[in-house]
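Have a look at the structure below before the remarks.
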Amino acid sequence: MRIAIGCDHAGYEYKEAIKGHLIEKGHEVSDHGTHDTSSVDYPDFVHPVSKDISDQHAHYGILICGTGNGVSMTANKYKEVRCGLCWNAEIAQLIRQHNNANIISLPARFVDIKDAIQMVDVFLSAQFEGGRHQRRIDKITSEIKFSC
Ligand code: RB5
């Protein structure tokens, strides 16, 4: 699988560990940085990953920052992206099964590396269930109409 990965300084150590794990498993990984622990602005590393998904250059994306929130907020600005924030393996499974997420975001300051790697493995192997979940996903980008 082709996987795009990006992080800020808080996620650097996790990105390196996850990248190594994925390469070992035979995946093709596009690493969009950051490349050390110097303080950076997370959107600079989220946009290239989100573009890889939008342009279909990658099947899935992985984003890591301190809380996982800044990266997921940025990624979800892209119409084609569904990025889910995860802190355990069950959520990692559900964002695929129910939300058809194409990017997982991880909070490096709140989960350990071993669990983060497990979440990535679960995320990449779980299947979207379709059906009522597809109907709900279709409504995410539909215009909200209401009267007042
Ligand atoms: C960086 O200190 C931190 O703000 C960032 O990693 C992330 O948690 C933002 O959402």
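Just a few scattered comments:
- Within the range 4-45, considering residues that are over 16 Å from Met119 (Cβ atoms) and among the hydrophobic types (A, V, I, L, M, F, W, C), the one farthest from the ligand (Cβ to nearest atom): Ile23
- Search result, residues across the range 100-117 that are within 12 Å of the chain's Cα centre (by Cα) and either over 25 Å from Ile23 (Cβ atoms) or part of a helix (DSSP H, G or I) (or both): Asn100, Ala116
- Counted residues, the range 71-84 - those being closer than 9 Å to Ser105 by Cβ and in contact (Cβ under 8 Å) with a residue 60 or more places away in the chain: 1
- Residue under evaluation Ser142, criteria (1) in contact with a strand residue (DSSP E or B) (Cβ under 8 Å, 6 or more places away or on another chain); (2) at pLDDT below 95, criterion not met: (1)
- Scoring Val120 on the criteria (1) more than 10 Å from the chain's Cα centre (by Cα); (2) in a helix (DSSP H, G or I) leaves a single failure, condition (1).
- Taking first residues from the range 130-142 that are under 12 Å from Lys79 (Cα atoms) and partners that are open to solvent by 60 Å² or more (accessible area, probe 1.4 Å), the Cβ contacts under 7 Å between residues at least 6 apart in sequence or on separate chains come to Ile137/Asn99; Thr141/Lys79.
- Any hit, the range 88-95, residues being among the acidic types (Asp, Glu), modelled with pLDDT of 95 or more, over 23 Å from Ala10 (Cα atoms) and in contact with a helix residue (DSSP H, G or I) (Cβ under 9 Å, 6 or more places away or on another chain): yes
The values are calculated or read from the model by the stated rules, or taken from the named source; none is laboratory data. None of the values given here were measured: they were computed from a predicted structure. Methodologically, a virtual Cβ is constructed for each residue, glycine included, from the backbone with ideal geometry; neighbour enumeration extends over all protein chains shown. Side chains included, ligands, DNA and RNA excluded: accessible areas come from the protein's heavy atoms. Shrake-Rupley method; radii C 1.70, N 1.55, O 1.52, S 1.80 Å.
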